[in-house]
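Report on the structure given below.
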Amino acid sequence: MQDVAQDGAVVSTRQIIDDVVVRFAGDSGDGMQLTGDQFTRTTAAQGNDLATFPDYPAEIRAPAGTLAGVSGFQVHFSSHHVRTPGDQPSVLVAMNPAALAANVKDLKTGGLIIVNTDKFGARDLEKADLTSNPLEDGSLDAYQVVPVQLSNLTKAAVQELGLNTKEADRCKNFFALGMTYWLFDRALDWTQNWIRTKFKAPYAEANLRALQAGYNYALTVELFHAGYEVPPAALKPGTYRNITGNQATALGLLVAAQKAGRPLFQGAYPITPASDILHLLATYKEFGVITFQAEDEIAAISATIGAAWGGAIAITSTSGPGLALKGEALGLGVIVELPMVVVDVQRGGPSTGLPTKTEQSDLFIALYGRHGDAPNPVIAAQTPGDCFHAAIDAVRIAVKYMTPVLLLTDGYLANGAAPWRLPDLDEIPEIPVSLADDPETFHPYERDPDTLARPWAIPGTPGLEHRIGGLEKADGSGNVSYDPDNHQKMTEIRRQKIARIAQDLDPVDVEGDSGGLLVVSWGGTFGAVRSAVTQARLAGTRCGHLHLRWLNPFPRGMAELFAGYDQILVPELNMGQLATVLRSTFLVDAKSYSKVQGKPFKVSELVARIQTMTSQA
Amino acid sequence: MSTVEDTPQYHKKDFMSDQTVRWCPGCGDYAILSQVQTVFADLGIPRHQFAVVSGIGCSSRFPYYMNTYGFHTIHGRAPAFATGLRLANPELSVWLVTGDGDGLSIGGNHLIHILRRNVDLQILMFNNRIYGLTKGQYSPTSEVGKRTKSSPMGSIDRPFMPCALAIGADGTFIARTADIFVKEQRALLKAAHRHKGTSFIEILQNCVIFNGGAFDDQTARKLRDEHCVFLENGKPMLYGSKDARKGLVIGDDYRIGSIDIHTPEDEARVLVHHQTNLAMATLLTRIGTDDGLPTAMGIMYHMQAPVYEREVYAQIETAQARPGSGNLHKALVGKNPWTVQG
Ligand code: SF4
């Protein structure tokens, strides 16, 4: 394909490629998340499949120009199916020396660096802890460096608009975006429309001019050896949107409540990276959604349990430290056997840990983090879009089995975006809710013989007045009981009830070989592990991939499945939590591969580990 | 909602559950249970519309003894449970039973927040100035110097005054009574029920086992006239025995004082109680401790403020009234969908 400048001259030839990873990096104040988001939306609208990885510091505004303040946004887009945000970017946009220094080591050899040379003064280098200028000291020789006077060019582009220096400088991210739009043949209109609705008069015009100027600059100055074209992916026909895990979780909960015909109640306390679920549900008042921003995490779950008693589809969302605070109330949820969903958007821990980074280290607390014998079903979402379906499944099981359900997502899924094909709402089955209403037959702790669920009896129902609470309940009547045999019986029933959920789950499903090495994963590592197993198999390794959606109970057939493999590898973004559970549950030699750097697995890391393990066998 | 006509005529026994009451013999909780059951029968509300929510402690066993919907939750968090319940089901008449340990110590945070939000329910705080269920440690309302198992040399914690805390947290209905004040207690329970918003009633409650007689000054027949001023809205704050009448006055230093009443002129100096006067109510919540003044009984403060659940539902109604609202497909599609053709 050829690119035509306004005067009609052919300026360059586009090279067709099918897979690109771009990373935008700058100061927290440089608008990198916004820039990445715009690139993502435009790219999605252009028909590529994609995955994103926003990576930002915990501080809202760390000192400008420092390594601590570097904010990044990685987009992987392709003409094929995309499962991960990509191991290594081939293009890096670096707005200052700190962004360059922090990110260049991730770049592919020979990769392209678009760098803002206006920010490389002695003071700027010092702020980034650099002793020499990487643009001059040869340290970038392995890359193609495209030096751009981003600040000055942007200033010139918006000159006539009367903005002060600082305001003009703020537009430089759009200049950079415009350059990348030319580089990958993206249309400007989507971002142009967005700018018009988002900014007030002089700023909208300034950003529009910066965007166009960046595009024209790349086009006319022939900065790049070639422009690229990434043809659309062959996506399944349908209506698509970009969706983050948090958006999908919120929508899933909304749809689940509608399918159950009950109001949705959310009790929540702000916490990174879960707050967006609260923000989004707070905008759904038109569906009767009640969001309650509680005074703390404990109040959030307590109000949730109160609302569950009152007949709502009740959910609370949090992250690790919040889940720890909710533990006692969750124990009550288990003993009073009311339906509710607790969403844990996992982040690096313990304590405040790495609040903006991803991790899978809450599996143990989700499975075991309560006093007493208090089993809870646990489900984990595997992609941003899957958060929608996982949320619906969680509500369905909570209502059917009258139990709290823990839904695990993570920072990577929550903030990462991917194109999502809209489900057909009519195809999502109803969630049957049967409320007790017959005083003649009602016993608060009488159970459904199939599910062992007790009845859901809502205050306000005539004739069903009864008491529930934290004290052990007598089987059937629900009266307070200190009888030793009754406690044994009730504890066993509570465990059996959760175990019976397995009857509702899909049987184990392995992708790949039915012998050799079995790679077992759960949650947000799905894409990376599936890609790695696919690559390893193409390279001749005999291996299969089991991805677990439910962590409690496990689907049926796990022990039989494990027996067919020589080795088991469990890659996790924690110190081996699922591996430990598998070892103790199935007495198998599950080997843990753990990574706890606040970042997802790279496909290449996983392939290497698979190959090491199989070559040693 | 049920109308008055189809509400059955209830008696106190209709609100007694079949569970054996297990408080210690002589515990003040019995008297309170009896008044609440009596009053519930009188409120004209169908029994299934009552929900009693509690935390943990002796007082919090209360729901088990009421033949209504009841929820015995976890320590200190009853206000949050009750808030969730009211939001999910705003038709219910919700009563929250707590104690000085449950409500002011472990649950202090939730108490202040339910008060500031003004959720429409009644809080009955049984104050016995001790931990009963855990067998006798000093509580957030125990007096300095109190010797208990956990304070063998005397407590050094400065105590809370529950009503002062409640008024500080912007409560809209603040009252006090004592377990054995039958008539006053019933009247207060009814007034609390009528109030739209959070009603807070501190009930001085005798823990005969671990802190017996803590409120003898206020409750013993011979002493109470001297130690309590029973507030009536719009009436002068008089107290004392028939032959030694006293009244509350305000000094130039804005402190409340007491005068002996001998003449009509004396009587004219006595302060008149106005429930809506925040400054006066704030002073009234604090008198009666080592200051030679009587303890205020009755409604100290009562004002109307927006009710939390109503505001929540008003926003929902506003959102639902917008044209095109409630389209689930639209919510799913978001702002920037695109179509991939087959
Ligand atoms: S310990 Fe005290 S408060 Fe508790 S039941 Fe006995 S007397 Fe009542």
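Quick notes
- Listed by position, the strands (runs of 3 or more DSSP E) contained in the range A:294-402 that have at least 1 residues being hydroxyl-bearing (Ser, Thr, Tyr) and touching a residue at least 60 places away in the same chain (Cβ under 8 Å) are A:313-318.
- Residues in the range B:269-295 that are under 22 Å from B:ASN118 (Cβ atoms) and aliphatic (A, V, I, L, M): B:LEU278, B:ALA279, B:MET280, B:ALA281, B:LEU284.
- Taken across the range A:94-103, residues that are buried (at least 19 other Cβ atoms within 10 Å of the Cβ) and assigned to a strand (DSSP E or B) do occur, with at least one present.
- Lone qualifier among B:PHE15, B:PHE71, B:PHE40 - being at the interface with chain A (Cβ under 8 Å from one of its Cβ atoms) and more than 16 Å from the ligand (Cβ to nearest atom): B:PHE71
- Every residue from the range B:125-145 that is away from the ligand (no atom under 13 Å from the Cβ) and on the phi > 0 side of the Ramachandran plot: B:GLY145
- Qualifying helices (runs of 4 or more DSSP H) (wholly inside the range A:504-617; at least 3 residues being closer than 25 Å to A:GLY385 by Cβ): A:526-538, A:603-616
- Subset of the range B:277-311 [β-branched (Val, Ile, Thr) and either part of a helix (DSSP H, G or I) or farther than 16 Å from B:ALA164 by Cβ (or both)]: B:THR282, B:THR285, B:VAL307
- Qualifying residue in the range A:435-451 (condition: open to solvent by 30 Å² or more (accessible area, probe 1.4 Å) and either modelled with pLDDT under 95 or among the aliphatic types (A, V, I, L, M) (or both)): yes
- Screening the candidates A:VAL75, A:VAL146 for the property of being buried (at least 24 other Cβ atoms within 10 Å of the Cβ), part of a strand (DSSP E or B) and on the phi < 0 side of the Ramachandran plot yields one hit, A:VAL75.
- Flag if A:THR131 is out of contact with any Phe, Trp or Tyr (no Cβ under 9 Å at 6 or more places or on another chain) and among the β-branched types (Val, Ile, Thr): yes
- Boolean, B:ILE45 is away from the ligand (no atom under 11 Å from the Cβ), hydrophobic (A, V, I, L, M, F, W, C), in contact (Cβ under 8 Å) with a residue 12 or more places away in the chain and more than 20 Å from B:SER93 (Cβ to Cβ): no
- Residues satisfying the stated conditions in the range A:133-142, i.e. in contact with a helix residue (DSSP H, G or I) (Cβ under 9 Å, 6 or more places away or on another chain) and open to solvent by 50 Å² or more (accessible area, probe 1.4 Å): A:LEU135, A:SER139
Matching residues to (1) away from chain B (no Cβ under 14 Å); (2) open to solvent by less than 10 Å² (accessible area, probe 1.4 Å); (3) over 24 Å from the mean Cα position of the chain (by Cα); (4) under 17 Å from A:ALA274 (Cα atoms):
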{"position": "A:GLN293", "(1), (2), (3), (4)": "no, no, no, yes"}
{"position": "A:ILE298", "(1), (2), (3), (4)": "no, no, yes, yes"}
{"position": "A:SER317", "(1), (2), (3), (4)": "yes, yes, no, yes"}
{"position": "A:PRO321", "(1), (2), (3), (4)": "yes, no, no, yes"}
{"position": "A:ALA324", "(1), (2), (3), (4)": "yes, no, no, yes"}
{"position": "A:GLN360", "(1), (2), (3), (4)": "yes, yes, no, yes"}
{"position": "A:ALA374", "(1), (2), (3), (4)": "no, no, yes, no"}
{"position": "A:ALA381", "(1), (2), (3), (4)": "yes, yes, no, yes"}
{"position": "A:VAL395", "(1), (2), (3), (4)": "yes, yes, no, no"}
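- Hits in the range A:548-579 (condition: free of Cβ contacts under 8 Å to residues at least 60 places away in the same chain and open to solvent by 60 Å² or more (accessible area, probe 1.4 Å)): A:ARG556, A:GLU560, A:ALA563, A:ASP566
Residue-by-condition table, conditions (1) touching a residue at least 12 places away in the same chain (Cβ under 8 Å); (2) open to solvent by 10 Å² or more (accessible area, probe 1.4 Å):
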{"position": "A:ALA250", "(1), (2)": "yes, no"}
{"position": "A:LEU253", "(1), (2)": "yes, no"}
{"position": "A:GLY261", "(1), (2)": "yes, yes"}
{"position": "A:PHE265", "(1), (2)": "yes, no"}
{"position": "A:TYR269", "(1), (2)": "yes, yes"}
{"position": "A:THR272", "(1), (2)": "yes, yes"}
{"position": "A:LYS285", "(1), (2)": "no, yes"}
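- Lone unmet requirement of (1) within 23 Å of B:ILE114 (Cα to Cα); (2) open to solvent by 40 Å² or more (accessible area, probe 1.4 Å) for B:ALA166: (2)
- Considering B:ALA321, B:ALA268, the condition of being more than 10 Å from every other protein chain (Cβ to nearest Cβ) and hydrophobic (A, V, I, L, M, F, W, C) is satisfied by B:ALA268 alone.
- Test: residue in the range A:153-172 that is open to solvent by less than 40 Å² (accessible area, probe 1.4 Å), touching a strand residue (DSSP E or B) at 6+ places or on another chain (Cβ under 8 Å) and at pLDDT 95 or above: yes
- Of all residue pairs spaced 6 or more apart or on separate chains, those with beta-carbon atoms under 9 Å, a first member in the range B:204-222 that is more than 14 Å from every other protein chain (Cβ to nearest Cβ) and over 19 Å from B:LEU124 (Cα atoms) and a second member that is open to solvent by 70 Å² or more (accessible area, probe 1.4 Å) and more than 12 Å from the ligand (Cβ to nearest atom) are B:ASP217/B:GLU226.
- The residues on offer are B:GLY213, B:GLY171, B:GLY234, B:GLY240, and the sole one that is within 16 Å of the ligand (Cβ to nearest atom) and either assigned to a strand (DSSP E or B) or among the small types (Gly, Ala, Ser) (or both) is B:GLY213.
- Residue in the range A:436-472 that is farthest from the other protein chains (Cβ to nearest Cβ), counting only those that are closer than 22 Å to B:TRP95 by Cβ and outside any loop (DSSP other than H, G, I, E, B): A:ILE468
- Residues in the range A:397-423 that are open to solvent by less than 20 Å² (accessible area, probe 1.4 Å) and among the hydroxyl-bearing types (Ser, Thr, Tyr) were compared, and the one that is farthest from A:LYS259 (Cα to Cα) is A:THR409.
The values are calculated or read from the model by the stated rules, or taken from the named source; none is laboratory data. Small disclaimer: the values here were computed from a predicted structure and weren't measured. Using ideal geometry, Cβ is built from the backbone for each residue, glycine included, and neighbour counts are taken over all protein chains shown. The protein model used for the area step is the full one, side chains on, heavy atoms only, and it has no ligands, DNA or RNA in it. Shrake-Rupley method; radii C 1.70, N 1.55, O 1.52, S 1.80 Å.
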